[in-house]
Amino acid sequence: MVRSRARLALPIVLAIFVACAVIQVFLAGLGVFNDPGAFVTHREFGYAFGWLTLVALILALIAGSPRRITGPVALLLLLFALQSVFVAVRADLPMVAALHPLNGFLLLGTAFVATRRAWDARRAPAAADTDAPEDPRLASAAEAGR
C-alpha cells in the first residue's frame, strides 16, 4: 500500500518541481530585464522548492521505481546541488559560474523526462505489485513456457 501511494505521489511531486523550475526561469528573466531585485526572489524561491528533489528521490525508492525513473530523479538532486555551487564560485571562477543557467535548463529537461516517465509508470500496473513482468515480451515468453 505504501509502495502504490508513493508511485501515485511521485509524478505529482515531480510535476510541481517542473512548475517551480519554469517559475524560476521567469524570475531570472525578470531580474535581467526588469528588476534586478527579482534575483533575490529567484534565489529564495530556488531554496524554497529544492527540497522537492529529495522528496522525489525518497518516493522513487519507496515506490520501487525502475532505474529509468530513479536515475533521472537522483540526477535532479545532484544537479540542484550544483546550482548553489555554481553561484558560490562566481567571484573566483566566473567561467564555471556561467554554467548556472545551463544547468538550470538541464534540470528542467531532466525533471520533465522524470515526470513523464513517472506518469507513464503510474498508469501501468507495477511489476512489484503483480506477478506480471514489466516487459510485455517477457510476459508472452512466460505464458509460452507454461
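The table below lists the values:
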item: Checklist (1) at pLDDT 95 or above; (2) crowded, with 17+ Cβ neighbours inside 10 Å; (3) not polar (S, T, N, Q) applied to H42, failing item; result: (1)
item: Test: residue in the range 60-69 that is under 15 Å from R122 (Cβ atoms), outside any helix (DSSP H, G or I) and open to solvent by 30 Å² or more (accessible area, probe 1.4 Å); result: yes
item: Only listed residue being touching a helix residue (DSSP H, G or I) at 6+ places or on another chain (Cβ under 7 Å), in contact (Cβ under 8 Å) with a residue 60 or more places away in the chain and not acidic (D, E), chosen from P11, P72; result: P11
item: All positions within the range 5-26 that are surrounded by 15 or more Cβ atoms within 10 Å (Cβ to Cβ) and either more than 16 Å from N103 (Cα to Cα) or among the small types (G, A, S) (or both); result: A6, R7, A9, L10, P11, I12, V13, L14, A15, I16, A21
item: Selection count, the range 33-42, where residues are assigned to a helix (DSSP H, G or I) and out of contact with any helix residue (DSSP H, G or I) (no Cβ under 8 Å at 6 or more places or on another chain); result: 2
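The values are calculated or read from the model by the stated rules, or taken from the named source; none is laboratory data. Source: prediction; values computed, not measured. Neighbour counts run over all protein chains shown; Cβ positions are idealised from the backbone, glycine included. Note: accessible area is taken over every heavy atom of the protein model, side chains too, but ligands, DNA and RNA are not part of it. Shrake-Rupley method; radii C 1.70, N 1.55, O 1.52, S 1.80 Å.
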